[in-house]
Structure formats: structure tokens, C-alpha cells
């Protein structure tokens, strides 16, 4: 059987790390114009903006590079009433998309999680061969890895070796 | 590989995502300045060395990032319970704490 799983890096996107207390999430959701996810690993999409809950008080917001003001401005406006920390981390990470019928198996070569339990539309922070990554399942056979910039050569190297091994039928 | 239940993520996850963070339920004295040297030394450095059930802190470093407490048997390496940081130690065996193998200083 031919191996057609594609590993590609994605163009830069706007990323924000949002930390705030539970009692402020209502005001934050109102400012953003959509409900922030309330359970860890839940991903909410509203237009071009996505919000992923990583921890009890931590979210990762993403948007296209030229629409960053859509996140920054409304949240800055409610800062006085709903104290939070919004940090732009756009250049910190690079996204890698792994798509194709063997995507799950390819990622399982270096990720200790049981990827079958990661449902479509969910994302988690986890490890990939000791590198901390945010792993999102965009579709049944499509994953996105958000990797800190300096670890990208390592992760891409591992993925390309694993791809070659799969291609050889190892 | 050990699977550890994170009380915040509510999932059993591989040990590689976690980090051990020492004995649990050690409260910092409210007024460190009023502590004698011996008391302060005990607070900073003296820990039990349990054979049996041990309450300890863990951190879900590569996950939700939270510290939580766990009750683990140090002989079998089995996790008996994990619970959120502000909760009391679950009732159960405290045998381990009693058979503390700490040498007298």
C-alpha cells in the first residue's frame, strides 16, 4: 500500500496566550464575541479566530497574521473590569500539519499519548519525543503540531525519518 | 509506562507528561522570621522517606501545567489516588508515614 501522508509547515499565524481567572471568562467571551471553551482540550472556532483551552486558566488563541487586532483590541478594552494576561506569542511557534490516512500512526512514533482518544476538533499540550507541543486533531486524518521554533528542525527530522521508514514498509 | 490520572484534565495520561515535585502537604510557616533555625531547617529540608503510601506533589508540566497531589505506594509504584492541590489527603492507609525510615539527625 502506498504511503501518502503529507508533512508540511504552515505559514505564520497570530498566536496569543491568554490567562485569566474563571470569574473573568464571561467578560472575556463577551469582548471576543464568542464563548471561550470551558473544558480542557476543547477547541472553539469563530470565523478566523480559534480558542483552545490548555489548562484551568489558560487558553491559546490563534488568528490570521493581519487580523491580530481583532483579538488584541477588544481584550485591551475590558482589561480594567476583567484583569487578564494576554501575551502575543506569534513568533514563538511554527505549525506543522500532518495529513493523510497514516497521520495517526506517524505521530504515534514519537507521541506517548493514545491518539485514538483525541477526538476531532480537540487539542492538547503534550510531548513529542521530549519536545513540548500542542497537538490538535483538525480532522480524522489531519493533525496540527504547534512546535516552539527552535525545536522545529528536530521534529521535522524525526517526522521525515519516520515517513521514510513507513515508505520502505518498516 | 505509568499512566497518571490528572485531576484537572480528568484523563489518564502517560508519565512522560508529568514531573515529580516532592512531598505534599508541607505548609510554609506564616511567619518565617519567628522560626527557630531548627524549625526552618525542618521546613526547608527535612522530608519523610516513606515505605508504603506516600502523599506527594506532581506537576502536569507538558499538559495543563498544574500541580496536584497524588497518593502513591513507593513499593509497588501504584498510584492510589490523585487529587487537586487544595484538597486534604484522602483517608486510607497512612502506614507508610508511620514506618518512616528517616534516620534521626
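Since every read-out is calculated from the coordinates, none of them should be taken as a lab result. Keep in mind the model is a prediction, meaning the values are calculated, not measured. Virtual Cβ from ideal backbone geometry, glycine too; neighbours counted across all protein chains shown.
So here's what we get for this one:
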read-out: Gyration tensor verdict on the stretch B:21-98 (Cα atoms; rounded if a/c is under 1.5, prolate if a/b is larger than b/c, oblate otherwise); value: oblate
read-out: Degrees, to the nearest 10: A:152-168 long Cα axis against longest axis of chain A; value: 40 degrees
read-out: Spin-label pair residue B:31/residue A:168, simplified geometry with 7 Å Cα→Cβ offset, distance in nm; value: 7.1 nm
read-out: Full-extension gain in nm, residue A:139 to residue A:160, via 0.36 nm per residue minus C-alpha separation; value: 5.4 nm
read-out: Partner chain coverage, peptide A:114-120 - average Cβ within 10 angstrom; value: 1
read-out: Within a Gaussian network of chain A (alpha carbon springs, distance under 10 Å), most fluctuating of A:129, A:81, A:57; value: A:81
read-out: Cα gyration tensor, the stretch A:9-81 - rounded (a/c under 1.5), prolate or oblate; value: oblate
read-out: Shielding by partners, peptide B:60-68 (average Cβ within 10 angstrom, other chains); value: 5
read-out: Spin-label pair residue A:90/residue A:129, simplified geometry with 7 Å Cα→Cβ offset, distance in nm; value: 3.0 nm
read-out: Overall Cα dimensions of the stretch A:17-149 - principal axes, largest extent first, Å; value: 47, 28, 27
read-out: Gaussian network model of chain B, springs between alpha carbon atoms under 10 Å - residue of B:23, B:87, B:35 with greatest fluctuation; value: B:35
read-out: Directionally averaged shadow of the protein assembly as shown, computed from the convex hull of its alpha-carbon atoms, nm²; value: 19.1 nm²
read-out: GNM result for chain B, Cα springs below 10 Å: residue of B:90, B:32, B:14 fluctuating most strongly; value: B:32
read-out: Where labels lie 7 Å past Cα in the beta-carbon direction, separation of residue B:78 and residue A:21 in nm; value: 4.1 nm
read-out: Number of partner chain Cβ atoms within 10 Å, mean per residue of A:54-61; value: 3
